[in-house]
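Comments concern the structure below.
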Amino acid sequence: MTEHFLSVEQATRRFAGLVAVDQVSFALDRGEILSLIGPNGAGKTTLFNLITGQLKVSDGAIMFRNERIDALPPHARAQRGMGRTFQIAKPLTGLSTRENVMVGAFLRHRAYTDAYDRASAVLDEVGLAARAEVPAAELTLSERRRLEVARALALEPELILLDEVMAGLNATEVTQVIDLIHRLNARGVTFLVIEHNLKVVRAFSRRVIVLDHGAKIAEGSAADVLSDPEVIRAYLGKKHVGHA
Amino acid sequence: MRAPLETAGAPPSFGIQLARYAGLLALSGVPLMLLWSNPYWVNVLAYTYLFAALAAAWNIIGGFGGQFSLGHGVFFAIGSYSVARLYLDLGLTPWLGIFPAAVLATVVALLISWPTFRLRGPFFAIATMAINEACFALANYSDKLTGGPRGILIPFRAGLSNMIFIERWKYALLMFAFMIVVVLITVWLRRARLGHYLLAVRADEDAARAAGIDVLKVKLQGMALSAFLTGIGGGLFAMYVRVLDPPTLFSLPDIGVKFALISLIGGIGTIIGPVVGALLIVPLENFLRGTLGGDIPGGHLIILGAILVAASLFLKRGIVGAVLATMRRARRRA
């Protein structure tokens, strides 16, 4: 077996009778941007949760940087270099925007001033510097999404998992986030991205995985996958196949 | 345009953050300076400062950590009994005795917390309250350690090394100093990694885990610090009242729940809230007990309960939270 940065091997997650993720396997190499797409309820977020540890696999294995991690709790996976965002943004209420990011920065910087400076740099990067002292609960939707990214970024992760960070953003904001992903990727950060907007997927992802009903139904280059009849059927229904 | 105003470059220093509270802390000492010769008021103030410190200690895990413990009476009682036993049996001065007492309170707190921290929200509160009641029963039966229902009497032998004073204002000063120490610790905590982690855990445990936080470990660390300080407070209380019996130490309205009540009214999860709450509640309670006590036994509890209900309806973040929100609104308008 070749060594991959992240490899998911036959990952399965059952909830009582329902199989939410069904023997999914894929690998991710360092420096890649891999997109995970699929219709609602396909199991994308569940698969994310299996990788980051919010949920445990029922079967299968997950390897990260040559270590089996599927039994580790989520905080231990974060400590090993995984950052994630949540589909429904989770601003830490009761803390300012800066303090939210400092919570992430404290993972690698114990001292207050170091964590503070690190948080300032990250806030600059995601365009939230002007909102640093505002209570996080007062941020707008698009700011909350950027805060999710900022808190993940502050962990100085090698792998970032983004769960629909573009949803609800306008065209300018989407461009800003794509630019941010490219900038970080150029610095060596690997990305696994759940994204609904296929135009966005084409813009930054060379490789795409498609989930449907918990199973992987396609994998390949963005262009190939997005013209695959089975993918079109999963997204749009049977009668559209052939028109695409 | 607010953008350039809000982005200060350098992080605020510990001294600057401390200075924000120094004025209020100094102000809270003024009544003692004015009333030091009045025995009634000095007694009220000693309790006020002690409960300000104890509420601030509770606030570490109850406010910052969001773990609504109603079992802090246990750690308080352990501190009290341990200081008394060490003093009476081994002749250890309470000035030193408070430390092993606090360590013991911490160990018990960790043993209790290890299983109960798996419970969330009201279930944790109920479990810790039940543990308080169980320990009450246990203290009643443990004649040799606690003197059972009769309690322990510490004889009056005045002397600095005994922490027993003829002049009551010395006790009030001691409690004041303790309050300052606990507030200093909370100011430090609010800056420290642990403080940020406790607040993150309170806000959202899943988000905290994703940020690399070991949630159970952080809760235990917060509880350890909180219980340690509560144990010290219990020891100081022991040397002040010198009569220790289970109904007093394990009383929910007078001890365990009161720490939470003072924090809630003053401003839960804020640094100065417990002090503000204690300055208001303890003298008020004494006044109500004095005026209502004879005619309507327990009447003061009804009124305190009504205040708590009103505070939780109209002042969700307590008095300090309401003041801070008003200040922020005013600044934004300016």
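If each Cα of region B:56-114 is one equal point scatterer, what is log10 of I(q)/I(0) from the Debye formula at q = 0.14, 0.23, 0.26 Å⁻¹?
With no solvent term, the Cα-only Debye profile gives -0.42, -0.88, -1.01.
As an exercise, find the ratio Rg/Rh for region A:141-180 from alpha-carbon atoms, using the Kirkwood inverse-distance average for Rh. Write down the numbers at each step before the final one.
Details: Rg = 10.1 Å, Rh = 10.5 Å.
So for region A:141-180, dividing Rg by the Kirkwood Rh gives 0.95.
If you fit an axis through the alpha-carbon atoms of helix B:39-59 and take the longest principal axis of the Cα set of chain B, what angle between them do you get, 0 to 90°, nearest 10?
With rounding to tens, the tilt is 50 degrees.
Which ordering of B:Thr116, B:Thr128 is given by a fewest-first count of other beta-carbon atoms within 10 Å?
Taking fewest neighbouring Cβ atoms as first place, the list is B:Thr116, B:Thr128.
Would you compute, for the Cα atoms of region B:206-317, the largest minus smallest coordinate along each principal axis and list the three values in descending order, in whole Å?
The principal-axis extents, from largest down, are 57, 38, 21 Å.
Between B:Arg332 and B:Trp188, what FRET efficiency comes out of the Förster formula 1/(1 + (r/R0)^6) with R0 = 35 Å and r the beta carbon distance, rounded to 0.05?
0.75
What translational D, rounded to a whole number of µm²/s, comes out for region B:1-84 from Stokes-Einstein when the hydrodynamic radius is the Kirkwood one over Cα pairs, at 10 °C and 1.306 mPa s?
Working: Rh = 16.6 Å.
Estimated diffusion coefficient is 96 µm²/s.
For all pairs of alpha-carbon atoms in chain A, what percent lies in each bin of width 5 Å, listed from the first bin to the last filled one?
Percent of pairs per bin, in order: 1, 6, 14, 17, 19, 17, 12, 8, 4, 1, 0, 0.
Pairs of alpha-carbon atoms within less than 8 angstrom and 6+ residues apart define the contacts here; what relative contact order does region A:94-154 have, in percent?
49 percent
Set the Förster distance to 30 Å, then compute FRET efficiency between B:Phe14 and B:Leu119 from the Cβ-Cβ distance, nearest 0.05. Please list the in-between numbers first.
On the way: r = 35 Å, r/R0 = 1.17.
About 0.30, to the nearest 0.05.
Using alpha carbons only, how many degrees (0 to 90, rounded to 10) separate the axis of helix B:299-314 from the longest principal axis of chain B?
Approximately 10 degrees, to the nearest ten.
Relative to the longest principal axis of chain B, what angle (0 to 90°, nearest 10) does the C-alpha long axis of helix B:122-141 take?
For helix B:122-141, the angle is close to 10 degrees.
Once the other residues with Cβ under 9 Å from the Cβ of B:Ile271 are scored (Lys, Arg +1; Asp, Glu -1), what is the net sum? Please report the intermediate quantities before stating the final value.
Working: positive: B:Arg20, B:Arg190; negative: none.
Residues near B:Ile271 contribute +2 overall.
Please report B:Ile272, B:Ile60, A:Ile178 as a ranked list, fewest other C-beta atoms within 10 angstrom at the top and most at the bottom.
Lowest count first: A:Ile178, B:Ile272, B:Ile60.
For chain B, what is the calculated [θ] at 222 nm in deg cm²/dmol (nearest 500), taking -39500 (n - 2.57) for each run of four or more DSSP H residues and dividing by its residue count?
Value at 222 nm, helices only, nearest 500: -24500 deg cm²/dmol.
For the pair B:Ala134 and A:Arg110, how long in nm is the line joining their label points, each one 7 Å along Cα→Cβ?
Going by the 7 Å Cα→Cβ label model, 3.6 nm.
Counting only helical runs of four or more DSSP H residues, what would the 222 nm mean residue ellipticity of chain A come to if each run contributes -39,500 (n - 2.57) and the total is spread over all its residues?
The helix contribution divided over chain A gives -10500 deg cm²/dmol.
Between rounded, prolate and oblate, where does the protein assembly as shown land on the alpha carbon gyration tensor, with a ≥ b ≥ c its root eigenvalues, rounded for a/c under 1.5, else prolate if a/b exceeds b/c?
Prolate shape, in that a/c is at least 1.5 and a/b is the bigger ratio.
Which helices count as membrane-span-like in chain A under these terms: full DSSP H, at least 15 Å along the axis by C-alpha, Kyte-Doolittle mean of -1.0 or more?
Membrane-span-like by this criterion, though nothing is claimed about a membrane: A:112-126, A:141-153, A:171-186.
What is the extension gain from A:Glu156 to A:Ala203, computed as 0.36 nm multiplied by their sequence separation minus the C-alpha to C-alpha distance, in nm to one decimal?
Difference between extended and current length: 14.5 nm.
Taking R0 as 30 Å, what's the FRET efficiency between A:Leu236 and A:Ala171 from their Cβ-Cβ distance, rounded to 0.05?
0.80
Please report the net charge: other residues with Cβ closer than 13 Å to the Cβ of B:Arg242, K and R +1, D and E -1.
Working: positive: B:Arg157, B:Arg168; negative: B:Asp245.
Net charge around B:Arg242: +1.
Could you tell me, in Å, what Rg and Dmax come out for the Cα atoms of region A:84-219?
Taking only Cα atoms of region A:84-219, I get Rg and Dmax of 15.2, 48 Å.
Which whole-number percentage describes the relative contact order of chain A, with Cα contacts under 8 Å and a sequence gap of 6 or more?
Relative contact order, chain A: 25 percent.
Taking only the alpha-carbon positions of region A:94-154 and ignoring solvent, what does the Debye formula give for the base-10 log of I(q)/I(0) at q = 0.19 Å⁻¹?
-0.54
Tell me the Kirkwood radius of chain B: reciprocal of the mean inverse pair distance over distinct alpha-carbon atoms, in Å.
Values: mean 1/r = 0.0485 Å⁻¹.
Here the Kirkwood hydrodynamic radius works out to 20.6 Å.
Within 10 Å of each residue's Cβ, count the other Cβ atoms and sort B:Lys170, A:Lys56 from fewest upward.
Numbers: B:Lys170 17, A:Lys56 13.
Arranged by neighbour count, lowest to highest, B:Lys170, A:Lys56 become A:Lys56, B:Lys170.
Would you list which lysines come within 26 Å of B:Lys170, measuring only between C-alpha atoms, while excluding same-chain residues fewer than 8 positions from it?
The reachable lysines, counting only those whose Cα sits under 26 Å from B:Lys170, are B:Lys258.
Which of the lysines could a cross-linker bridge to A:Lys216, judged by Cα under 26 Å and excluding same-chain residues fewer than eight apart?
A:Lys44, A:Lys56, A:Lys199, A:Lys238, A:Lys239
State, as an integer percentage, the relative contact order of region A:1-90 based on alpha-carbon contacts under 8 Å between residues 6 or more apart.
30 percent
Less than 14 Å Cβ to Cβ from B:Gly65, Lys/Arg counted +1 and Asp/Glu -1: what total charge do the surrounding residues give? Write out the running numbers ahead of the final one.
On the way: positive: B:Arg120, B:Arg190, B:Arg193, B:Arg202, B:Lys217, B:Lys219; negative: B:Asp204, B:Glu205, B:Asp214.
Cβ neighbours under 14 Å give a net charge of +3.
Pick from B:Ile16, B:Ile185, B:Ile164: which residue has the top mean-square fluctuation in a GNM of chain B where Cα pairs under 10 Å get a spring?
Largest GNM mean-square fluctuation: B:Ile16.
Quick note: the coordinates plus some simple rules give every number you see, no bench work behind them. Source: prediction; values computed, not measured. Neighbour counts run over all protein chains shown; Cβ positions are idealised from the backbone, glycine included.
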